[in-house]
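In what follows, a single structure is set out as structure tokens and then discussed.
The values are calculated or read from the model by the stated rules, or taken from the named source; none is laboratory data. Note that the structure is a prediction, hence the values are computed from the model and not measured. Counting neighbours? That spans all protein chains shown, and the Cβs are built from the backbone with ideal geometry, glycine included.
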Amino acid sequence: MGTTKKFLLSESEIPTHWYNIAADLKNPPAPPLHPATHEPVGPEALAPLFPMELIKQEVSSERYIAIPDEVREIYRIWRPAPLIRATGLEKALDTPAHIYYKYEGVSPSGSHKPNTAVAQAYYNKQEGVKRIATETGAGQWGSSLAYACNMFGIESKVYMVKISYQQKPYRRSMMELWGGKVVASPSTDTNSGRQALAEDPNSNGSLGMAISEAVEDAAMREDTKYSLGSVLNHVLLHQTVIGQEAIKQMEMAGEYPDVVVGCAGGGSNAAGLMFPFLKDKLDGKRNTRFLAVEPASCPSLTKGEYRYDFGDVAGLTPLMKMYTLGHTFMPPGIHAGGLRYHAMAPMLCQLYAEGYIEARAYSQNPCFEAATLFARTEGIIPAPESSHAIRGAIDEALQAKEEGKGRTILFNLSGHGLLDLQAYDDYLAGRLVDDEYPAEKVKEAMKSLPVI
């Protein structure tokens, strides 16, 4: 191990505003469309699902949006999160690169997700919402929302993708400990779930399927709203506390990143770190590279098409312009359950399409190899999702070594893996399968997309 270098901010330096990158995009974002008419939807179309303040944030072009004092007060439990230089990893790689990571595993649920869960629960509480329905992949989002709802006295119902429900029972325990009600998706609780089970009684489920169930749940009850843990603009907005803190901490370190890396499933943790730094690139002040790393089994950016698609399997959501594998996509049961989504956040997709962000896909075994090296050199066991960012950062550091040039690398360690040890057992025993998603399946899935 090297000498640990940790950069800490005081509580007074928790950001007071979220940064909205929509204000600085060179081209306006593509509007969401009505699922039936294909016409742009206004705020009223989203009102059955979300409280009005979140809808305003979703469509806002204001550069900075104030964080409510009550939200900042809860943020103080774990924010500001530390920035750490990975000197042990650097030494093991024998690289001239400097590697830094922003560690979001210090939150109560062990990931970056409470940054938006607390904000969403707060706005729902302000509008008198009694109950929130949501979906979760690996359980980081579901546990974070259950935690946030518990803080504000709101009931929560979580539809957890069945393969993760089976693989990660202690994530379910966390949700139930915080008062959440959890069912495996597809479930018998909704029409969407029952239809999916009728078609495939042994379905592993998908995030798109779980979203259908949660949206249907919210639409059927007057006391319930829906909450999403990634993809939407307001979710990415709330996560920008990560990057804003990291900018100050990199200044403390006396460096500025040459490349910023984040794992990407729906896009929230990558955007949370990247967007505040991207502002400098959009303003022409810096030439930092931004790298989104996704699983080879769910390669929406690297193999998907940039099309309007539904956010869910049943086609209940508005159409959004995204890199998508098709909303009917059913992913393999990889351990990085939080990255098993058929598409990507529209804002991140636009920046990728315009060349501001790069993308790379890795299979499971190279990612767990990277995570194991990280655990042995830095001491933290990463979440399987975060292992993709580590793999990307390591390869950037090895490239710097090959070129004999210095490089400052910053990545988001979006969560710890202490509830994912079965995945590490499978890796160490050689049981992990490296699934690649074939291009012909993408082509086939595209046939189910609406023609816009």
Those residues that are touching a helix residue (DSSP H, G or I) at 6+ places or on another chain (Cβ under 6 Å) and over 17 Å from residue 122 (Cβ atoms), I need them from the stretch 225-235; list them, please.
230, 233
Which listed residue, of 423, 375, is of a type outside the set (Lys, Arg), over 17 Å from the mean Cα position of the chain (by Cα) and surrounded by fewer than 24 Cβ atoms within 10 Å (Cβ to Cβ):
375
Residues of the stretch 259-289 being of a type in the set (D, E, K, R) and part of a strand (DSSP E or B), in sequence order, are 289
Pairing a residue in the stretch 37-52 that is over 15 Å from residue 320 (Cβ atoms) with any residue that is assigned to a loop (DSSP other than H, G, I, E, B) and at pLDDT 95 or above, where Cβ atoms lie under 8 Å and the two sit 6 or more apart in sequence or on different chains, gives 51/127; 51/129; 52/127
Flag for residue 361 being assigned to a helix (DSSP H, G or I), at pLDDT 95 or above and either of a type in the set (S, T, N, Q) or surrounded by 15 or more Cβ atoms within 10 Å (Cβ to Cβ) (or both):
no
Inter-residue pairs, beta-carbon under 8 Å, first within 21 Å of residue 104 (Cβ to Cβ) and in the stretch 58-79, second surrounded by fewer than 16 Cβ atoms within 10 Å (Cβ to Cβ) and not aliphatic (A, V, I, L, M), 6+ apart:
65/17; 67/16; 67/17; 72/16; 76/11; 79/11
Right, residue 248: surrounded by fewer than 19 Cβ atoms within 10 Å (Cβ to Cβ), within 20 Å of residue 64 (Cβ to Cβ) and not acidic (Asp, Glu) or not?
yes
When the residues of the stretch 53-84 are filtered to those that are of a type in the set (A, V, I, L, M, F, W, C) and touching a helix residue (DSSP H, G or I) at 6+ places or on another chain (Cβ under 7 Å), which remaining residue is surrounded by the fewest Cβ atoms within 10 Å (Cβ to Cβ)?
59
Restricting attention to strands (runs of 3 or more DSSP E) lying wholly within the stretch 139-230, give those where 3 or more residues are touching a residue at least 60 places away in the same chain (Cβ under 8 Å).
224-226
Given the criteria of a type in the set (Lys, Arg) and under 19 Å from the mean Cα position of the chain (by Cα), does residue 281 qualify?
no
Index of the failed condition, residue 203 passing every other in (1) surrounded by fewer than 20 Cβ atoms within 10 Å (Cβ to Cβ); (2) among the hydroxyl-bearing types (Ser, Thr, Tyr); (3) modelled with pLDDT of 95 or more
(3)
